[in-house]
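The values are calculated or read from the model by the stated rules, or taken from the named source; none is laboratory data. Please read all numbers here as calculations on a predicted model, not as lab measurements. Cβ: placed from backbone, ideal geometry, glycine included. Neighbour counts: every protein chain shown. Areas reflect the complete protein model, heavy atoms only, side chains present, ligands, DNA and RNA absent. Shrake-Rupley method; radii C 1.70, N 1.55, O 1.52, S 1.80 Å.
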Amino acid sequence: MCRILTIQTKRPFDIGQKLEIFAELAELSPEYQGDGWGIGYEQDGRMTYYHSRLPIWKDKLHRFGHSQFI
């Protein structure tokens, strides 16, 4: 099962901080959530995408900086 997270704010937020909470939910899920993950986020006025085969809780989540939309 896929989990989907969307956040849109007026002020930029730390993407990694939000992803840490999301990663913990995925790791503790009774259904296995470790088949990889991806993110689309706005940075510098354009959409940027990242995907990985790692479970989200094993990836480096603070690489993404700040955004107003994921």
Legend entry - Given (1) without any contact (Cβ under 8 Å) to a residue 40 or more places away in the chain; (2) touching a Lys or Arg at 6+ places or on another chain (Cβ under 8 Å); (3) within 17 Å of Q68 (Cα to Cα), number of the condition D44 does not satisfy: (2)
Legend entry - Residue selected from the range 8-24 under the condition touching a strand residue (DSSP E or B) at 6+ places or on another chain (Cβ under 7 Å) and open to solvent by less than 70 Å² (accessible area, probe 1.4 Å), by the criterion nearest to I70 (Cα to Cα): I15
